[in-house]
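Taken together, the values in this text are just the output of simple stated rules run on the coordinates, not laboratory data. Predicted model, so just to flag it, every value in this text is computed and none were measured. Cβ sites come from the backbone with ideal geometry, for glycine too, and all protein chains shown count toward neighbours.
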Amino acid sequence: MWTILLYLGIVLCAAYVSWALVLFVMQPRFVYRPVRDVSYTPGDLDLDFEEVVFKSGDGVSLNGWWIPAKDAVFTVLFCHGNGGNIMHRLDSINILHGFGLNCFIFDYRGYGRSEGNPSEAGTYADARAAYDWAVNCKNVRPDEMILFGKSMGGSIAAQLATKVQAGGLVLENSFTSYAAMGARFYPYMPVRWFARFGYKTISYVKAVRCPVLVIHSKYDEIVPFEFGAALYEAANEPKEFVEILGGHNDGFLVSAKTYENAWSRWLQFLADAKDKAGHQAS
């Protein structure tokens with residue numbers, strides 16, 4: 001009996017270690033799920049747009065879309081999530097355009113028509129390059145730039161907000177850290193010991209000094225609602241938290257009215273703060 005139990009124990013330990021090694025090696029494939037084909041554009045929604053090619057800090061060529069809005073005051077720099085490419089964010093782009101916002105959305109390296117292979121450092125560098133392009137090529141004022149990130153893009157936008165000046169930061173269905181997400185999906189593994197990525201959103205948020213809006217779906221099946229609540233608690237004032245319904249990828253559509261009202265209030269708040277700062281400066 002003891003021999004059998006010992007044998008089973010060895011087999012289980014070997015299986016556990018083997019699975020842990022698979023998870024360790026496969027992490028990049030779990031994190032980054034790019035799609036190369038870009039079959040649709042804002043033009044399919046009758047939106048004027050400019051196809052943009054620009055360089056990241058290390059010379060990697062990146063692709064994005066500049067979608068202008070008439071008489072726009074604010075510009076949204078859109079950092080999308082870990083799957084697909086900019087084509088899959090057309091619904092969000094259309095909504096942002098409806099708010100009267102310029103939108104600049106870009107693909108990280110390895111996504112869509114952008115060159116290279118994705119990496120954590122690469123996503124941060126690519127977001128900074130997109131910010132610099134908007135400032136230098138479209139003359140967007142930093143205080144009129146809204147950094148917007150969905151899911152993994154929230155971590156990238158938050159990291160960028162610690163490095164540059166911005167008018168505001170919006171995080172939608174974002175996680176607190178990569179390790180925390182790993183622990184959610186693999187609670188039986190020592191994820192924090194062998195996590196190959198950081199994406200420490202909550203640490204970045206604590207260092208952000210611009211206004212922060214956190215939007216999170218109560219029924220998000222991928223990123224727990226409590227992650228959004230934790231990001232809100234960690235953020236500095238001024239800040240706002242908006243609870244929506246629906247899933248991780250469709251909450252903004254399921255809760256369309258709540259979502260649109262939240263953005264409208266936020267934009268009015270930013271406009272008022274901008275006017276107040278202008279009066280004080282004069």
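Please work out whether segment 2-281 counts as rounded, prolate or oblate from its C-alpha gyration tensor, where a ≥ b ≥ c are the square roots of the eigenvalues and a/c under 1.5 means rounded, while otherwise a/b larger than b/c means prolate and anything else oblate?
In terms of gyration-tensor shape, prolate.
Give the order of Ser217, Ser151, Ser264 when sorted by the count of other beta carbons within 10 angstrom, beginning with the fewest.
Details: Ser217 26, Ser151 23, Ser264 11.
Ascending Cβ contact count within 10 Å gives the list Ser264, Ser151, Ser217.
Between Glu51 and Phe99, what length in nm is gained on full extension when 0.36 nm per residue of separation is reduced by their alpha carbon distance?
15.2 nm
Where does segment 80-194 land on Rg/Rh, using Cα atoms and the Kirkwood Rh? Intermediate results must be reported in sequence, preceding the final value.
Working: Rg = 15.1 Å, Rh = 15.2 Å.
Dividing the radius of gyration by the Kirkwood radius yields 1.00.
Just want to confirm a number: the relative contact order over the chain, from Cα pairs under 8 angstrom separated by 6+ residues, in percent.
13
With a cut-off of 8 Å between alpha carbons and a minimum separation of six or more residues, what is the relative contact order of segment 62-135 in percent?
38
Given R₀ = 22 Å, what would the calculated FRET efficiency be for Arg33 paired with Arg184, taking r from the Cβ atoms and rounding to 0.05?
FRET efficiency, Arg33 to Arg184: 0.80.
Roughly what % of DSSP beta bridges within the chain run antiparallel, to the nearest 5?
Among the beta bridges of the chain, antiparallel pairing accounts for roughly 30 percent.
Pull up the cross-link candidates among the aspartates and glutamates for Lys206, meaning alpha carbon to alpha carbon under 18 Å and not fewer than 8 places away within one chain.
The qualifying aspartates and glutamates are Glu172, Glu226, Glu233, Glu237, Glu240.
Only loop residues by DSSP count here, and only those with at most 11 other Cβ atoms within 10 Å; note down the trypsin sites (Lys or Arg not before Pro) in segment 27-100 that meet that.
On the way: sites: Arg29, Arg36, Lys55, Lys70, Arg89; in loops: Arg36, Lys70.
Listed in order of number, the matching sites are Arg36, Lys70.
Starting with the highest mean, order 119-125, 177-183 by the number of other Cβ atoms within 10 Å, averaged over the residues of each peptide.
On the way: 119-125: 18.7, 177-183: 20.9.
For the peptides 119-125, 177-183, the packing ranking is 177-183, 119-125.
Under 1.5 on a/c is rounded, so check that first for segment 130-261, then, if it is not, pick prolate when a/b is larger than b/c and oblate when it is not; a ≥ b ≥ c are the square roots of the alpha carbon gyration tensor eigenvalues.
Because a/c hits 1.5 or more and a/b fails to exceed b/c, segment 130-261 counts as oblate.
Rounded, prolate or oblate for segment 75-117? Axes are the square roots of the Cα gyration tensor eigenvalues, ordered a ≥ b ≥ c, and the cut-off for rounded is a/c under 1.5.
Since a/c reaches 1.5 and a/b is larger than b/c, the shape of segment 75-117 is classed as prolate.
Can you list residues whose amide H is under 5 Å from Val170's amide H, if they're 5+ apart or on another chain and H is modeled 1.01 Å from N?
The list, which skips near neighbours in sequence, is Leu147, Phe148, Gly149, Leu213.
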